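Structure first, commentary second.
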Amino acid sequence: MRNPNLKKWSYRDELEGLLFFAQTLDELLFYHTLDSFKAPALNAHTCLHELRVHAHSLRAGRIRRGTLSPVLEEAHAAIRKDPVFTVAQRSLLAGTLTRLMKDSGSPHVLVDCAEWMVRSYVLALPRLDARHEVG
């Protein structure tokens with residue numbers, strides 16, 4: 001946790017709860033906070049986009065392969081919980097991510113897989129919309 005800046009805060013006992021809330025909210029939303037302290041706002045869609053960006057960076061030589069490990073793990077966990085996919089789609093995507101976590105092969109294969117997973121998510125969205133229609 002980072003040290004809070006309290007220069008503009010006039011401390012009073014009756015505001016202690018508000019100060020705690022403000023510091024907690026700041027920590028949850030601060031970009032450089034460790035992921036374990038952040039609010040769980042990422043879903044499978046944003047995780048897959050992040051994987052795609054990192055895969056392109058790896059192919060361009062801007063990052064090392066080890067940088068992808070936490071991104072792959074986060075995407076895997078998000079896909080397993082995402083209600084957008086059918087059981088078969090979830091199994092296929094999670095299996096692909098599992099294989100990529102063990103051995104991602106060439107950066108070109110990783111980019112192709114990431115692009116395919118993002119497209120799979122977009123194609124699964126109409127199914128979710130149809131499930132929530134009232135009628």
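Bear in mind that the values in this text are calculations on the coordinates, not laboratory data. As the structure is a computational prediction, the values presented were derived from the model and not from experiment. Every residue, glycine among them, receives a Cβ derived from its backbone with ideal geometry; neighbour counts consider all protein chains shown.
Values for this structure:
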quantity: Computed lengthening from K81 to A60, 0.36 nm per intervening residue step minus Cα-Cα distance; calculated: 4.4 nm
quantity: Ranking of E16, E115 by count of other Cβ atoms within 10 Å, fewest first; calculated: E16, E115
quantity: For D112, D103, order by how many other beta-carbon atoms lie within 10 Å, fewest first; calculated: D103, D112
quantity: Neighbour-count order for M101, M117, fewest beta carbons within 10 angstrom listed first; calculated: M101, M117
quantity: Additional length obtainable on full extension of the chain from L15 to M101, 0.36 nm per residue less Cα span; calculated: 26.2 nm
quantity: FRET efficiency estimate (nearest 0.05) - Cβ-Cβ, N43 to T67, R0 22 angstrom; calculated: 0.55
